[in-house]
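Q: The structure under discussion is supplied below as C-alpha coordinates; questions concerning it will follow.
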Amino acid sequence: MDSLKIEHEKLEKRGNLSKSINDVQKTIDLLTKAREAVAADPTSAQMTLAKLQTPMKHSFDKVNEDLKEVHQALGKYGKALDKKFKDKPLPAAENDALSAHPALVNRAIAMHLLREGQFGVAARFIEEAKAHPPHTESTTTTLDPYTGQQPDNAFTNGTMDSGALQQQFAEMYHILHEMKQQQNLRPAIEWSRQHSALLEARGSNLEFELCRLQYVCLFMGHQLDGSVAASEQGPLRAWAYARSEFGAFQQRYTKEIQQLVGAMAFYQNMGDSPYSSTFYNKTAFEEVANSFTREFCSLLGLSADSPLYIAATAGAIALPTLLKLQTIMKEKRTEWTTQNELPVEIPLPPSYHFHSIFVCPVSKEQGTDQNPPMMMPCGHVIAKESLERISKGARFKCPYCPGESHPRDAKKVLL
(Lines give C-alpha, C1' and ligand atoms only; values in the text may rest on other atoms or scores of the structure.)
Protein backbone atom coordinates (compact mmCIF):
# COMPACT_ATOMS: atom_id res chain seq x y z
CA MET A 1 0.00 0.00 0.00
CA ASP A 2 3.00 2.33 0.35
CA SER A 3 3.44 2.71 -3.41
CA LEU A 4 -0.26 3.46 -3.80
CA LYS A 5 -0.07 6.04 -1.02
CA ILE A 6 2.88 7.74 -2.76
CA GLU A 7 0.98 7.96 -6.05
CA HIS A 8 -2.07 9.29 -4.22
CA GLU A 9 0.03 12.06 -2.65
CA LYS A 10 1.45 12.92 -6.09
CA LEU A 11 -2.08 13.06 -7.48
CA GLU A 12 -3.17 15.44 -4.73
CA LYS A 13 -0.14 17.64 -5.42
CA ARG A 14 -0.18 17.62 -9.22
CA GLY A 15 -3.75 16.64 -10.00
CA ASN A 16 -5.49 19.81 -8.85
CA LEU A 17 -7.00 22.19 -11.37
CA SER A 18 -6.01 25.46 -9.72
CA LYS A 19 -3.43 26.29 -12.41
CA SER A 20 -5.86 25.45 -15.19
CA ILE A 21 -8.59 27.56 -13.60
CA ASN A 22 -6.24 30.55 -13.30
CA ASP A 23 -5.12 30.23 -16.92
CA VAL A 24 -8.71 29.91 -18.15
CA GLN A 25 -9.61 33.00 -16.15
CA LYS A 26 -6.75 34.90 -17.82
CA THR A 27 -8.11 33.83 -21.20
CA ILE A 28 -11.56 35.08 -20.24
CA ASP A 29 -10.03 38.39 -19.14
CA LEU A 30 -8.29 38.77 -22.52
CA LEU A 31 -11.54 38.18 -24.38
CA THR A 32 -13.42 40.55 -22.09
CA LYS A 33 -10.92 43.37 -22.68
CA ALA A 34 -11.03 42.76 -26.43
CA ARG A 35 -14.82 42.91 -26.43
CA GLU A 36 -14.76 46.18 -24.49
CA ALA A 37 -12.21 47.65 -26.90
CA VAL A 38 -14.31 46.69 -29.92
CA ALA A 39 -17.45 48.05 -28.25
CA ALA A 40 -15.71 51.36 -27.56
CA ASP A 41 -14.27 51.67 -31.10
CA PRO A 42 -15.89 49.36 -33.70
CA THR A 43 -13.39 50.45 -36.35
CA SER A 44 -10.56 48.85 -34.37
CA ALA A 45 -12.14 45.38 -34.41
CA GLN A 46 -9.80 43.96 -37.06
CA MET A 47 -6.70 45.29 -35.35
CA THR A 48 -7.87 44.11 -31.92
CA LEU A 49 -8.58 40.58 -33.16
CA ALA A 50 -5.20 40.42 -34.87
CA LYS A 51 -3.42 41.39 -31.66
CA LEU A 52 -5.49 38.83 -29.76
CA GLN A 53 -4.38 35.78 -31.76
CA THR A 54 -0.91 35.34 -30.24
CA PRO A 55 -1.96 35.82 -26.57
CA MET A 56 -4.90 33.48 -27.06
CA LYS A 57 -2.67 30.82 -28.60
CA HIS A 58 -0.24 31.05 -25.66
CA SER A 59 -3.14 30.92 -23.22
CA PHE A 60 -4.61 27.77 -24.77
CA ASP A 61 -1.19 26.13 -24.86
CA LYS A 62 -0.77 26.90 -21.16
CA VAL A 63 -4.15 25.36 -20.31
CA ASN A 64 -3.34 22.24 -22.34
CA GLU A 65 0.02 21.97 -20.59
CA ASP A 66 -1.66 22.21 -17.18
CA LEU A 67 -4.24 19.57 -18.11
CA LYS A 68 -1.52 17.31 -19.50
CA GLU A 69 0.13 17.28 -16.07
CA VAL A 70 -3.20 16.41 -14.45
CA HIS A 71 -3.84 13.62 -16.95
CA GLN A 72 -0.37 12.18 -16.35
CA ALA A 73 -0.95 12.13 -12.59
CA LEU A 74 -4.33 10.45 -13.06
CA GLY A 75 -2.83 7.89 -15.42
CA LYS A 76 -0.03 6.95 -13.01
CA TYR A 77 -2.48 6.69 -10.13
CA GLY A 78 -4.78 4.49 -12.21
CA LYS A 79 -1.89 2.18 -13.08
CA ALA A 80 -0.93 1.97 -9.40
CA LEU A 81 -4.52 1.01 -8.54
CA ASP A 82 -4.60 -1.65 -11.24
CA LYS A 83 -1.27 -3.02 -10.06
CA LYS A 84 -2.33 -3.19 -6.42
CA PHE A 85 -5.91 -4.35 -7.00
CA LYS A 86 -5.75 -6.61 -9.98
CA ASP A 87 -8.88 -7.38 -11.93
CA LYS A 88 -10.43 -10.13 -9.87
CA PRO A 89 -14.04 -11.26 -9.85
CA LEU A 90 -15.95 -10.18 -6.77
CA PRO A 91 -17.86 -12.79 -4.75
CA ALA A 92 -20.86 -14.04 -6.68
CA ALA A 93 -24.36 -12.89 -5.76
CA GLU A 94 -25.36 -16.35 -4.63
CA ASN A 95 -22.79 -16.09 -1.83
CA ASP A 96 -24.03 -12.65 -0.74
CA ALA A 97 -26.18 -12.92 2.37
CA LEU A 98 -27.93 -9.61 1.60
CA SER A 99 -28.70 -10.24 -2.07
CA ALA A 100 -32.01 -11.86 -1.11
CA HIS A 101 -32.98 -9.00 1.23
CA PRO A 102 -32.95 -5.77 -0.80
CA ALA A 103 -35.53 -4.21 1.54
CA LEU A 104 -33.08 -4.53 4.43
CA VAL A 105 -30.39 -2.82 2.36
CA ASN A 106 -32.79 0.01 1.46
CA ARG A 107 -33.73 0.43 5.12
CA ALA A 108 -30.07 0.58 6.15
CA ILE A 109 -29.35 3.27 3.54
CA ALA A 110 -32.39 5.32 4.58
CA MET A 111 -31.46 5.03 8.26
CA HIS A 112 -27.91 6.15 7.49
CA LEU A 113 -29.14 9.22 5.62
CA LEU A 114 -31.56 10.13 8.41
CA ARG A 115 -29.04 9.77 11.21
CA GLU A 116 -26.50 11.82 9.23
CA GLY A 117 -29.01 14.67 8.95
CA GLN A 118 -29.49 14.30 5.18
CA PHE A 119 -33.26 14.55 5.51
CA GLY A 120 -34.01 15.72 1.97
CA VAL A 121 -31.93 12.96 0.39
CA ALA A 122 -33.49 10.38 2.74
CA ALA A 123 -37.02 11.50 1.85
CA ARG A 124 -36.31 11.21 -1.88
CA PHE A 125 -34.63 7.81 -1.43
CA ILE A 126 -37.62 6.44 0.53
CA GLU A 127 -40.03 7.89 -2.03
CA GLU A 128 -38.23 6.18 -4.90
CA ALA A 129 -37.93 2.94 -2.93
CA LYS A 130 -41.71 2.95 -2.43
CA ALA A 131 -42.32 3.70 -6.10
CA HIS A 132 -39.99 0.88 -7.21
CA PRO A 133 -40.15 -1.82 -4.52
CA PRO A 134 -37.41 -4.46 -4.74
CA HIS A 135 -38.34 -7.91 -5.99
CA THR A 136 -36.77 -11.05 -4.62
CA GLU A 137 -37.45 -14.73 -4.87
CA SER A 138 -36.86 -15.16 -1.17
CA THR A 139 -39.99 -15.81 0.87
CA THR A 140 -38.25 -15.36 4.21
CA THR A 141 -40.08 -12.90 6.46
CA THR A 142 -37.95 -10.70 8.67
CA LEU A 143 -38.90 -8.61 11.66
CA ASP A 144 -38.69 -4.85 11.30
CA PRO A 145 -36.06 -3.85 13.89
CA TYR A 146 -37.82 -0.55 14.55
CA THR A 147 -41.45 -1.68 14.88
CA GLY A 148 -41.22 -5.39 15.73
CA GLN A 149 -43.70 -6.15 12.91
CA GLN A 150 -43.31 -8.58 10.03
CA PRO A 151 -43.42 -6.47 6.86
CA ASP A 152 -43.24 -7.78 3.33
CA ASN A 153 -41.49 -4.59 2.37
CA ALA A 154 -40.24 -2.02 4.85
CA PHE A 155 -41.09 0.94 2.64
CA THR A 156 -44.20 0.01 0.68
CA ASN A 157 -46.08 -0.97 3.82
CA GLY A 158 -44.96 2.19 5.62
CA THR A 159 -43.65 0.32 8.67
CA MET A 160 -40.60 2.56 8.80
CA ASP A 161 -41.82 5.93 10.08
CA SER A 162 -39.22 8.17 8.49
CA GLY A 163 -41.09 11.28 9.61
CA ALA A 164 -40.81 10.40 13.30
CA LEU A 165 -37.14 9.46 12.93
CA GLN A 166 -36.43 12.67 11.04
CA GLN A 167 -38.02 14.66 13.84
CA GLN A 168 -35.95 12.83 16.44
CA PHE A 169 -32.67 13.33 14.60
CA ALA A 170 -33.52 16.96 13.79
CA GLU A 171 -33.85 17.54 17.54
CA MET A 172 -30.51 15.79 18.13
CA TYR A 173 -28.69 17.92 15.55
CA HIS A 174 -30.26 21.10 16.93
CA ILE A 175 -29.00 20.27 20.42
CA LEU A 176 -25.55 19.34 19.09
CA HIS A 177 -25.37 22.60 17.14
CA GLU A 178 -26.21 24.63 20.24
CA MET A 179 -23.69 22.65 22.25
CA LYS A 180 -20.73 22.72 19.83
CA GLN A 181 -21.19 26.01 18.00
CA GLN A 182 -22.84 28.20 20.64
CA GLN A 183 -21.55 26.40 23.76
CA ASN A 184 -25.15 26.48 24.98
CA LEU A 185 -25.85 23.47 27.21
CA ARG A 186 -29.41 24.34 28.19
CA PRO A 187 -31.18 22.36 25.39
CA ALA A 188 -29.09 19.26 26.19
CA ILE A 189 -29.73 19.60 29.94
CA GLU A 190 -33.47 20.01 29.35
CA TRP A 191 -33.50 16.91 27.13
CA SER A 192 -31.60 14.85 29.71
CA ARG A 193 -34.03 15.89 32.43
CA GLN A 194 -37.01 14.93 30.29
CA HIS A 195 -35.49 11.46 29.88
CA SER A 196 -33.82 11.22 33.30
CA ALA A 197 -35.73 8.08 34.28
CA LEU A 198 -34.59 6.19 31.16
CA LEU A 199 -31.03 7.48 31.49
CA GLU A 200 -30.95 6.51 35.17
CA ALA A 201 -32.15 3.01 34.31
CA ARG A 202 -29.24 2.70 31.89
CA GLY A 203 -26.78 3.90 34.52
CA SER A 204 -25.94 6.90 32.35
CA ASN A 205 -23.83 9.80 33.63
CA LEU A 206 -25.00 12.20 30.91
CA GLU A 207 -27.14 14.54 33.01
CA PHE A 208 -24.41 15.03 35.61
CA GLU A 209 -21.75 15.47 32.91
CA LEU A 210 -23.81 18.25 31.34
CA CYS A 211 -24.45 19.98 34.68
CA ARG A 212 -20.78 19.65 35.63
CA LEU A 213 -19.71 21.26 32.36
CA GLN A 214 -22.30 23.99 32.88
CA TYR A 215 -20.84 24.64 36.34
CA VAL A 216 -17.34 24.88 34.82
CA CYS A 217 -18.56 27.29 32.13
CA LEU A 218 -20.24 29.53 34.71
CA PHE A 219 -17.11 29.42 36.84
CA MET A 220 -14.98 30.53 33.88
CA GLY A 221 -17.24 33.51 33.14
CA HIS A 222 -19.96 32.26 30.77
CA GLN A 223 -23.72 32.67 31.01
CA LEU A 224 -26.26 29.84 30.94
CA ASP A 225 -26.83 30.44 27.22
CA GLY A 226 -23.09 30.27 26.44
CA SER A 227 -22.52 34.02 26.11
CA VAL A 228 -19.51 35.59 27.84
CA ALA A 229 -20.04 37.67 30.97
CA ALA A 230 -17.85 39.35 33.59
CA SER A 231 -15.33 36.75 34.74
CA GLU A 232 -15.09 38.09 38.31
CA GLN A 233 -18.74 37.08 38.88
CA GLY A 234 -18.13 33.56 37.59
CA PRO A 235 -17.43 31.77 40.90
CA LEU A 236 -20.51 33.33 42.51
CA ARG A 237 -22.77 32.25 39.65
CA ALA A 238 -21.21 28.77 39.73
CA TRP A 239 -21.84 28.56 43.48
CA ALA A 240 -25.49 29.54 43.03
CA TYR A 241 -25.85 26.98 40.23
CA ALA A 242 -24.29 24.25 42.39
CA ARG A 243 -26.70 24.99 45.26
CA SER A 244 -29.73 24.80 42.98
CA GLU A 245 -28.76 21.87 40.73
CA PHE A 246 -26.27 19.54 42.44
CA GLY A 247 -28.64 18.43 45.19
CA ALA A 248 -30.20 15.80 42.94
CA PHE A 249 -26.76 14.28 42.28
CA GLN A 250 -25.40 14.41 45.81
CA GLN A 251 -25.93 10.75 46.66
CA ARG A 252 -24.36 9.31 43.53
CA TYR A 253 -21.66 11.90 42.75
CA THR A 254 -20.63 13.14 46.19
CA LYS A 255 -16.88 13.01 45.50
CA GLU A 256 -17.15 14.81 42.16
CA ILE A 257 -19.33 17.57 43.62
CA GLN A 258 -16.91 18.06 46.52
CA GLN A 259 -14.06 18.50 44.06
CA LEU A 260 -16.00 21.01 41.96
CA VAL A 261 -16.99 23.10 44.97
CA GLY A 262 -13.55 22.79 46.56
CA ALA A 263 -11.99 24.24 43.41
CA MET A 264 -13.41 27.63 44.40
CA ALA A 265 -10.53 28.03 46.84
CA PHE A 266 -8.20 28.25 43.82
CA TYR A 267 -10.32 30.53 41.62
CA GLN A 268 -7.57 33.19 41.46
CA ASN A 269 -4.93 30.67 40.34
CA MET A 270 -6.93 27.88 38.72
CA GLY A 271 -4.28 27.17 36.06
CA ASP A 272 -1.76 25.94 38.66
CA SER A 273 -4.30 24.18 40.87
CA PRO A 274 -5.00 20.41 41.08
CA TYR A 275 -8.27 21.10 39.23
CA SER A 276 -6.77 22.71 36.11
CA SER A 277 -7.47 19.63 33.97
CA THR A 278 -11.18 19.94 34.74
CA PHE A 279 -11.49 23.69 34.23
CA TYR A 280 -9.14 23.97 31.22
CA ASN A 281 -10.23 20.96 29.18
CA LYS A 282 -10.29 21.98 25.50
CA THR A 283 -12.10 18.81 24.46
CA ALA A 284 -14.82 19.00 27.14
CA PHE A 285 -17.60 19.99 24.74
CA GLU A 286 -16.56 17.37 22.19
CA GLU A 287 -16.53 14.66 24.86
CA VAL A 288 -19.95 15.55 26.27
CA ALA A 289 -21.33 15.85 22.71
CA ASN A 290 -20.18 12.29 22.00
CA SER A 291 -21.81 11.12 25.24
CA PHE A 292 -25.03 12.90 24.31
CA THR A 293 -25.08 11.36 20.81
CA ARG A 294 -24.48 7.89 22.25
CA GLU A 295 -27.26 8.20 24.84
CA PHE A 296 -29.70 9.82 22.41
CA CYS A 297 -29.26 7.01 19.88
CA SER A 298 -29.42 4.34 22.59
CA LEU A 299 -32.89 5.56 23.68
CA LEU A 300 -33.96 5.11 20.04
CA GLY A 301 -32.57 1.58 20.09
CA LEU A 302 -29.72 2.57 17.75
CA SER A 303 -25.94 2.57 18.00
CA ALA A 304 -24.04 5.85 18.26
CA ASP A 305 -22.32 5.19 14.91
CA SER A 306 -24.05 4.38 11.65
CA PRO A 307 -24.12 0.59 11.13
CA LEU A 308 -23.95 1.12 7.36
CA TYR A 309 -20.78 3.19 7.69
CA ILE A 310 -19.20 0.62 10.02
CA ALA A 311 -20.16 -2.27 7.75
CA ALA A 312 -18.88 -0.52 4.62
CA THR A 313 -15.59 0.45 6.28
CA ALA A 314 -15.04 -3.02 7.73
CA GLY A 315 -15.88 -4.52 4.34
CA ALA A 316 -13.36 -2.27 2.59
CA ILE A 317 -10.69 -3.33 5.08
CA ALA A 318 -11.56 -7.01 4.65
CA LEU A 319 -11.93 -6.98 0.85
CA PRO A 320 -8.23 -7.45 -0.11
CA THR A 321 -7.90 -10.38 2.31
CA LEU A 322 -11.09 -12.02 1.04
CA LEU A 323 -10.08 -11.57 -2.60
CA LYS A 324 -6.73 -13.19 -1.85
CA LEU A 325 -8.54 -16.02 -0.05
CA GLN A 326 -10.81 -16.51 -3.04
CA THR A 327 -7.80 -16.84 -5.33
CA ILE A 328 -6.15 -19.42 -3.05
CA MET A 329 -9.37 -21.41 -2.76
CA LYS A 330 -9.77 -21.41 -6.53
CA GLU A 331 -6.20 -22.62 -7.06
CA LYS A 332 -6.54 -25.38 -4.45
CA ARG A 333 -10.09 -26.19 -5.56
CA THR A 334 -11.49 -25.91 -2.06
CA GLU A 335 -14.76 -24.42 -0.83
CA TRP A 336 -15.71 -22.20 2.08
CA THR A 337 -18.03 -24.39 4.12
CA THR A 338 -18.38 -22.29 7.29
CA GLN A 339 -21.46 -20.08 7.02
CA ASN A 340 -21.53 -18.14 10.29
CA GLU A 341 -17.95 -16.91 10.46
CA LEU A 342 -15.14 -15.81 8.18
CA PRO A 343 -12.52 -18.44 7.29
CA VAL A 344 -9.67 -16.03 8.09
CA GLU A 345 -9.06 -13.35 10.69
CA ILE A 346 -9.59 -9.76 9.55
CA PRO A 347 -7.37 -7.21 11.38
CA LEU A 348 -9.96 -4.53 12.17
CA PRO A 349 -9.05 -1.46 14.27
CA PRO A 350 -9.83 -1.57 18.03
CA SER A 351 -12.82 0.77 17.60
CA TYR A 352 -14.49 -1.96 15.52
CA HIS A 353 -14.15 -4.66 18.19
CA PHE A 354 -17.66 -4.91 19.63
CA HIS A 355 -18.18 -8.45 20.96
CA SER A 356 -15.40 -10.83 21.85
CA ILE A 357 -15.93 -14.48 20.94
CA PHE A 358 -14.32 -17.35 22.83
CA VAL A 359 -14.09 -20.83 21.37
CA CYS A 360 -13.12 -23.53 23.85
CA PRO A 361 -9.91 -25.27 22.69
CA VAL A 362 -11.15 -28.54 24.23
CA SER A 363 -14.78 -28.81 23.13
CA LYS A 364 -14.44 -26.47 20.09
CA GLU A 365 -17.71 -24.82 21.16
CA GLN A 366 -18.33 -21.09 21.36
CA GLY A 367 -18.64 -19.65 24.87
CA THR A 368 -22.04 -18.45 26.10
CA ASP A 369 -23.45 -16.89 29.27
CA GLN A 370 -24.30 -20.39 30.50
CA ASN A 371 -20.95 -21.79 29.39
CA PRO A 372 -18.47 -18.93 30.00
CA PRO A 373 -14.68 -19.16 29.63
CA MET A 374 -12.80 -20.05 32.83
CA MET A 375 -9.13 -19.25 33.41
CA MET A 376 -7.10 -21.72 35.47
CA PRO A 377 -4.23 -20.65 37.76
CA CYS A 378 -1.73 -21.62 35.06
CA GLY A 379 -3.26 -19.01 32.73
CA HIS A 380 -4.92 -21.34 30.22
CA VAL A 381 -8.61 -20.81 29.45
CA ILE A 382 -11.26 -23.40 28.67
CA ALA A 383 -15.06 -23.41 28.78
CA LYS A 384 -16.88 -24.07 32.06
CA GLU A 385 -18.47 -27.30 30.79
CA SER A 386 -15.07 -28.61 29.68
CA LEU A 387 -13.65 -27.68 33.08
CA GLU A 388 -16.39 -29.60 34.89
CA ARG A 389 -16.04 -32.58 32.58
CA ILE A 390 -12.25 -32.79 32.98
CA SER A 391 -12.07 -32.14 36.71
CA LYS A 392 -15.19 -34.00 37.89
CA GLY A 393 -15.13 -31.77 40.97
CA ALA A 394 -11.62 -32.82 42.07
CA ARG A 395 -8.06 -31.70 41.48
CA PHE A 396 -7.06 -32.10 37.83
CA LYS A 397 -4.22 -31.49 35.38
CA CYS A 398 -4.44 -28.72 32.78
CA PRO A 399 -4.88 -30.20 29.28
CA TYR A 400 -2.18 -27.83 27.91
CA CYS A 401 0.53 -27.77 30.57
CA PRO A 402 1.73 -29.80 33.60
CA GLY A 403 -0.01 -27.43 36.03
CA GLU A 404 -2.56 -28.88 38.44
CA SER A 405 -5.40 -27.02 40.12
CA HIS A 406 -8.88 -27.38 41.64
CA PRO A 407 -12.04 -26.20 39.83
CA ARG A 408 -12.71 -23.65 42.58
CA ASP A 409 -9.41 -21.96 41.73
CA ALA A 410 -10.58 -21.15 38.19
CA LYS A 411 -11.87 -17.63 37.54
CA LYS A 412 -14.55 -16.54 35.11
CA VAL A 413 -13.30 -14.50 32.16
CA LEU A 414 -15.50 -11.58 31.13
CA LEU A 415 -15.76 -11.00 27.41
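The values are calculated or read from the model by the stated rules, or taken from the named source; none is laboratory data. Quick caveat, the model's predicted, so the values are computed rather than measured. Reconstructed Cβ throughout: ideal geometry from the backbone, glycine too, with neighbour counts over all protein chains shown. Areas reflect the complete protein model, heavy atoms only, side chains present, ligands, DNA and RNA absent. Shrake-Rupley method; radii C 1.70, N 1.55, O 1.52, S 1.80 Å.
Q: Tell me whether the range 10-19 contains one or more residues that are farther than 30 Å from Leu319 by Cβ, among the charged types (D, E, K, R), over 31 Å from the mean Cα position of the chain (by Cα) and part of a helix (DSSP H, G or I). Spell out the reasoning first.
A: Start the filter on the range 10-19 by keeping residues that are farther than 30 Å from Leu319 by Cβ, which leaves 17-19.
Of the ones still in play, those that are also among the charged types (D, E, K, R) are 19.
Now narrow it down to the ones that are over 31 Å from the mean Cα position of the chain (by Cα): 19.
Checking the rest, the ones that are also part of a helix (DSSP H, G or I) come to 19.
There is at least one residue in the range 10-19 that is farther than 30 Å from Leu319 by Cβ, among the charged types (D, E, K, R), over 31 Å from the mean Cα position of the chain (by Cα) and part of a helix (DSSP H, G or I).
Q: Among residues belonging to the range 179-210 that are free of Cβ contacts under 8 Å to residues at least 12 places away in the same chain and part of a helix (DSSP H, G or I), point out the one that is least open to solvent (accessible area, probe 1.4 Å). Step through it out loud before you land on a result.
A: Residues of the range 179-210 free of Cβ contacts under 8 Å to residues at least 12 places away in the same chain: 181, 190, 194, 196-197, 200-201, 203.
Then keep just the ones that are part of a helix (DSSP H, G or I); that gives 190, 194, 196-197, 200-201.
Values: Glu190: 99, Gln194: 138, Ser196: 46, Ala197: 77, Glu200: 112, Ala201: 89 Å².
Ranking the candidates gives Ser196 first.
Q: From the list Tyr253, Tyr280, pick out the single residue that is free of Cβ contacts under 8 Å to residues at least 60 places away in the same chain and more than 30 Å from Gln168 (Cβ to Cβ). So that I can check it myself, show each step before the final result.
A: Details: Tyr253 fails: more than 30 Å from Gln168 (Cβ to Cβ).
Exactly one of Tyr253, Tyr280 is free of Cβ contacts under 8 Å to residues at least 60 places away in the same chain and more than 30 Å from Gln168 (Cβ to Cβ), namely Tyr280.
Q: Tally time: how many residues in the range 255-277 are hydroxyl-bearing (Ser, Thr, Tyr) and open to solvent by 60 Å² or more (accessible area, probe 1.4 Å)? Outline the logic, then answer.
A: Here is the first cut: in the range 255-277, the ones hydroxyl-bearing (Ser, Thr, Tyr) are 267, 273, 275-277.
Cutting the leftovers down to open to solvent by 60 Å² or more (accessible area, probe 1.4 Å) gives us 267, 277.
Matching residues across the range 255-277 total 2.
So that you can scan it fast, the table gives a plain yes or no per residue for (1) closer than 30 Å to Phe292 by Cα; (2) at pLDDT below 80; (3) open to solvent by less than 60 Å² (accessible area, probe 1.4 Å):
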residue	(1), (2), (3)
Glu335	no, yes, no
Ser351	yes, yes, no
Asn371	no, no, yes
Val381	no, no, yes
Ala394	no, no, yes
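Q: Something else about it: May I ask you to list the residues in the range 162-178 that are open to solvent by less than 40 Å² (accessible area, probe 1.4 Å) and among the hydrophobic types (A, V, I, L, M, F, W, C)?
A: Once the filter is applied, which keeps residues that are open to solvent by less than 40 Å² (accessible area, probe 1.4 Å) and among the hydrophobic types (A, V, I, L, M, F, W, C), the range 162-178 yields Leu165, Phe169, Met172, Ile175, Leu176.
Q: Inside the range 234-280, can you point out the residues that are part of a loop (DSSP other than H, G, I, E, B) and not charged (D, E, K, R)? Show your work before the answer.
A: Of the residues in the range 234-280, the ones part of a loop (DSSP other than H, G, I, E, B) are 250-253, 273-275, 280.
Gln250, Gln251, Tyr253, Ser273, Pro274, Tyr275, Tyr280 - these are the residues of the range 234-280 that are part of a loop (DSSP other than H, G, I, E, B) and not charged (D, E, K, R).
Q: Mind checking which residues of the range 194-211 are more than 26 Å from Phe279 (Cβ to Cβ) and among the aliphatic types (A, V, I, L, M)?
A: If the condition is that a residue be more than 26 Å from Phe279 (Cβ to Cβ) and among the aliphatic types (A, V, I, L, M), then Ala197, Leu198, Ala201 are the ones that fit.
Q: If you check Leu67, Leu81, which single one turns out to be under 25 Å from Leu11 (Cβ atoms), at pLDDT below 85 and either surrounded by 14 or more Cβ atoms within 10 Å (Cβ to Cβ) or polar (S, T, N, Q) (or both)? Working first, answer last.
A: Values: Leu81 fails: either surrounded by 14 or more Cβ atoms within 10 Å (Cβ to Cβ) or polar (S, T, N, Q) (or both).
Leu67 is the lone residue from the list that is under 25 Å from Leu11 (Cβ atoms), at pLDDT below 85 and either surrounded by 14 or more Cβ atoms within 10 Å (Cβ to Cβ) or polar (S, T, N, Q) (or both).
Q: Name the residues in the range 373-406 that are among the charged types (D, E, K, R) and part of a loop (DSSP other than H, G, I, E, B), would you? Spell out the reasoning first.
A: Step one: list which residues in the range 373-406 are among the charged types (D, E, K, R), which gives 384-385, 388-389, 392, 395, 397, 404.
Selection gives Lys392, Arg395.
Q: Now a separate question. So is Arg243 of a type in the set (Lys, Arg) and within 30 Å of Gln166 (Cα to Cα) or not? Walk me through how you get there before you give the answer.
A: Working: of a type in the set (Lys, Arg): yes; within 30 Å of Gln166 (Cα to Cα): no.
Judged against the criteria, Arg243 is not a match.
Q: It is to be established whether one or more residues within the range 298-319 are of a type outside the set (Asp, Glu) and farther than 30 Å from Met111 by Cα.
A: Step one: list which residues in the range 298-319 are of a type outside the set (Asp, Glu), which gives 298-304, 306-319.
Narrowing further to those that are farther than 30 Å from Met111 by Cα: none.
Taking every residue of the range 298-319 in turn, none turns out to be of a type outside the set (Asp, Glu) and farther than 30 Å from Met111 by Cα.
Q: I need the full set of residues from the range 49-64 which are surrounded by 14 or more Cβ atoms within 10 Å (Cβ to Cβ) and of a type in the set (Gly, Ala, Ser), in order please.
A: Selection gives Ser59 alone.
Q: From the residues in the range 293-313 that are charged (D, E, K, R) and open to solvent by 30 Å² or more (accessible area, probe 1.4 Å), which one is farthest from Ser192 (Cα to Cα)? Quick ask: steps written out before the conclusion?
A: First pass over the range 293-313, keeping only residues charged (D, E, K, R): 294-295, 305.
Filter once more, so that each one left must be open to solvent by 30 Å² or more (accessible area, probe 1.4 Å): 294, 305.
Details: Arg294: 12, Asp305: 20 Å.
Ranking the qualifying residues of the range 293-313, first place goes to Asp305.
Matching residues to (1) small (Gly, Ala, Ser); (2) touching a His at 6+ places or on another chain (Cβ under 8 Å); (3) free of Cβ contacts under 8 Å to residues at least 24 places away in the same chain; (4) on the phi > 0 side of the Ramachandran plot:
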| residue | (1), (2), (3), (4) |
| --- | --- |
| Leu4 | no, no, no, no |
| Val24 | no, no, no, no |
| Ala37 | yes, no, yes, no |
| Thr43 | no, no, yes, no |
| Met47 | no, no, yes, no |
| Gln53 | no, no, yes, no |
| Lys57 | no, no, yes, no |
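Q: Of the residues in the range 212-242, how many are within 37 Å of the chain's Cα centre (by Cα), at pLDDT below 85 and among the small types (Gly, Ala, Ser)?
A: Final tally of qualifying residues: 5.
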